[in-house]
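Notes to accompany the following structure.
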């Protein structure tokens, strides 16, 4: 299979973006909708520039909660997956309850989060952790269980201990899965933080994040600014994903097949 040209890889997203903006303008033009219902991309950019001071401050506050919740999910997810991977009994006993936690709507848990963790940043971090935690555990656990059995047999023939097998074989083998889970969590963390700010956050001391700005712009019917808040959230998500992609490259590019093959 021929390798996709680099120029084409960079050009296609631009072409799709231009096509999307053109369709957006066409819908606005032919539908006759007002800007408070469907602002044009130009009006969104104008609102973003007009509100950029408040949006940047809010994005900084949101990043704190998103980063803290993401790091907590990444570390606890790694440890939890190790426990699930090392023991079939633990996996059978705990994994269904992790599914229950994942399937419980966070909006139902927010009153409990406020009572237990408190409003503001602790509650925001807890919400972000809840939303980001399961993809990391699921991917890492699958990676631990997907280790090449020929390699496992070789370790056992060499009388390696269970700890050596886990740390020297299964964990390195599962790293692509773990990093894939981190990439999914990186897209969810800003969303979780904004949702947490909307539900359990506060703006004491001028520390409101993007979730608070969503509430403000929505109540004031500042729809272009509301779209600008969504755009800022997307940019924040891209920063998280780019950071994880850089980590992915640093960990895998010297040895993993995904960076050595030329057929993708």
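Throughout, read-outs are computed from the coordinates displayed, never taken from laboratory work. Worth saying up front: this structure is predicted, and the values here are computed from it rather than measured.
Odds and ends about this structure:
- Between 0 and 90°, nearest 10: helix 121-145 axis offset from the chain longest Cα axis: 40
- Seen against the Cα atoms of the chain and their longest principal axis, helix 106-116 is set at about 80 degrees.
- Against the main long axis of the alpha-carbon atoms of the chain, helix 171-200 sits at an angle near 30°.
- The chain: relative contact order as a whole-number percent, Cα under 8 Å and 6+ apart: 28
- Using C-alpha pairs below 8 Å separated by at least 6 residues, the relative contact order for the range 114-264 is 28 percent.
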